[in-house]
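Each value in this text was obtained by applying a stated rule to the coordinates, not by laboratory testing. Every value quoted in this text rests on a predicted model; they were computed, and no experiment measured them. Cβ placement follows ideal geometry from the backbone for every residue including glycine, while neighbour counts extend to all protein chains displayed.
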Amino acid sequence: MTTTIRIDKELRDRVAAAAERAGKSAHAFMLEAIATTVAHAEAQADFHRVADARLAEYEKTGRAIPADEVNRWALARARGKAAPKPLARKLRR
């Protein structure tokens, strides 16, 4: 597939300079930039999909794990200590 994009001279010069520093052609540099941006947009969309599903589950059940309990558990694990995984429970609203 061939696609044409129009970019102003300033951006074209910046792309050419950045590509040269990276040891790539401007074409390869732009392809990589586009692929990286698309991957980022897809990851962001996936994050929002998961977050929306989790929020919907919380709104339906009222069950969650308080942040302070998650933080204590994560800090203990990061320090190499055994810690029981906190459990979700119905929280007051």
When Rg is the radius of gyration of the Cα atoms in the chain and Rh is its Kirkwood radius, what does Rg/Rh come to?
-> 1.28
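In debye, nearest 20, what is the charge dipole magnitude of the chain about its Cα centre with +1 on Lys and Arg Cβ and -1 on Asp and Glu Cβ, if you could check? Please report the intermediate quantities before stating the final value.
Values: 19 positive and 12 negative charges, 162 e Å.
My answer is approximately 780 debye.
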Reachable lysines, given that their alpha-carbon falls under 21 Å from the alpha-carbon of residue 9 and they are not under 8 places away in the same chain | 24
Which value in nm describes the separation of the simple spin-label points at residue 21 and residue 53, placed 7 Å from the Cα toward the beta carbon?
-> 4.0
Straight-line reach from residue 85: which aspartates and glutamates have a Cα under 12 Å away, not including same-chain ones fewer than 8 places off?
-> 69
Quick one: check the C-alpha center-to-center distance for the stretch 1-15 versus the stretch 33-93, whole angstrom.
-> 40
Mind listing which trypsin sites (Lys or Arg not before Pro) in the stretch 1-59 are in a DSSP loop and have 11 or fewer other Cβ atoms within 10 Å?
-> 6
In whole percent, what relative contact order does the chain give with Cα contacts below 8 Å and a gap of six or more residues?
-> 18
Can you give the net charge of the other residues whose Cβ lies under 11 Å from the Cβ of residue 30, counting K and R as +1 and D and E as -1?
-> +1
